[in-house]
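See below for the structure under consideration.
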Amino acid sequence: MKPFDMPSEPRITEMSWPTKVVFGAGALQRLPAQVARLNMKRPLVVTDAGVVKAGLAQRLYDVLKGAGVGFAVFDQVKPDPTERDAFAGLEAYKANQCDGIIAIGGGSPLDAAKLVQVLTTHEPPLSRYDDATGGDQYVRDNMPPLIAIPTTAGTGSEVSRSGVATLSDTGRKTVIFSPFLMPRAAICDPELTLGLPPGPTAATGMDAFTHCLEAYLSNGFHPLADAVAIDGIARVARSLPRAVEEGRNLVARTDMMVAAMEGAMAFQKGLGACHALAHALTPISGVHHGLANAIVLPVVMEFNRPVSTARLARVALAMGDSSNAREEVLAGNAIERVRKLNAVIGIPSRLRDVGAQEKDLVRISEKAFVDASHRGNPRSCTQEDLLAMIRESF
């Protein structure tokens, strides 16, 4: 095989996850076949202003028009969506008598589309379906089909069973989690990520990396998720710097799209304290989710080091460490390699450098403690532990 597990000749591959995945450069052209397979007659395209401005939405519209597929558009999703985006999308869905959803963009449009999907058949409020309070039991398998098309390599929402948004009645970033939320098809075309600027490439890439690493360290038992996570860690370590530096490098962009997908596949096992803190940082401090993960991750890894030495050593090896050192040394090397990766791709080392305020740190720790993500952390943590970690990250 060529470097980065690329085939000798470019090709598009179809995989079953249970989401049907159509993967490869140019895969967007296969969208009409999936629309027909899912019997969509008038889908709602859910996206945001950035995707429209970049011309990516128009590429999708042209493919649908060329195949004679009628559709409606909701392109008002905000970054890090709230339930207002979901209700506005629902209005568009009903007004245009749609029977399915196509989401194109980063994690925000894809997550918002999943919540629109829920609201088409489920009674509000969305907080009723909060995974942290057992709300997954109320999510039913009676929703319209969803096709997800990522334009970043980050959240992996195109193959995940979760939708995330900040809800009005709880005031926090909330995870709605159910296997019924998994898209029925994912069109993963790395050509759609070629124009992504270095900053968003770095932040979304570290989101994918954090998904893989936290899933691998989490306290659940899922050997298959572990294997996928380690592969994703290796892909990000070798390809994210290149994707940031050479934005049109299709080999690196392809590797990152695989890693993002693997991160979402792996985190069905669980996440950890880093995500709990990041979920609180976004609504309180306005820090991009992937950026928050990247800055907090080394501190959380250090907190987990006493109980995760062997696994952190394996992370170091996956990231390219060939020192043949003892496990204890390799575990420390893994943390330093993550710090170095952040530095190489231009991620600041402190939350104070990206707009977080010291006066908010206690409130962040409080919201993080009620977030379900930290329950998967390999080392049990109290609110005081979370406060200590966020202070150190600050």
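The values are calculated or read from the model by the stated rules, or taken from the named source; none is laboratory data. Because the structure is a prediction, the values reported are computed rather than measured. Every residue, glycine among them, receives a Cβ derived from its backbone with ideal geometry; neighbour counts consider all protein chains shown. Accessible surface is based on the protein model in full, side chains and every heavy atom, while ligands, DNA and RNA are left aside. Shrake-Rupley method; radii C 1.70, N 1.55, O 1.52, S 1.80 Å.
Annotations for the structure displayed:
- Considering Ala276, Ala227, Ala259, Ala252, the condition of being more than 12 Å from the chain's Cα centre (by Cα), over 30 Å from Thr170 (Cβ atoms) and buried (at least 24 other Cβ atoms within 10 Å of the Cβ) is satisfied by Ala252 alone.
- Condition check for Ala292: closer than 17 Å to Ala202 by Cβ, assigned to a helix (DSSP H, G or I), of a type outside the set (Val, Ile, Thr) and open to solvent by less than 10 Å² (accessible area, probe 1.4 Å): yes
- Thr201 being in contact with a His (Cβ under 9 Å, 6 or more places away or on another chain), part of a helix (DSSP H, G or I) and crowded, with 19+ Cβ neighbours inside 10 Å: no
- Within segment 313-394, helices (runs of 4 or more DSSP H) holding 1 or more residues that are under 26 Å from Glu245 (Cβ atoms), more than 22 Å from the chain's Cα centre (by Cα) and without any contact (Cβ under 8 Å) to a residue 24 or more places away in the chain: 327-344
- Failed condition for Thr152, given (1) in a loop (DSSP other than H, G, I, E, B); (2) open to solvent by 40 Å² or more (accessible area, probe 1.4 Å); (3) among the polar types (S, T, N, Q): (2)
- In segment 155-172, the residues that are within 9 Å of the chain's Cα centre (by Cα), of a type outside the set (S, T, N, Q) and in a loop (DSSP other than H, G, I, E, B): Gly156
- With respect to the conditions (1) more than 18 Å from Thr210 (Cα to Cα); (2) surrounded by fewer than 19 Cβ atoms within 10 Å (Cβ to Cβ), Val344 falls short on a single one, namely (1).
- Which listed residue is under 23 Å from the mean Cα position of the chain (by Cα), open to solvent by 10 Å² or more (accessible area, probe 1.4 Å) and among the hydroxyl-bearing types (Ser, Thr, Tyr), from Thr47, Thr121, Thr133: Thr133
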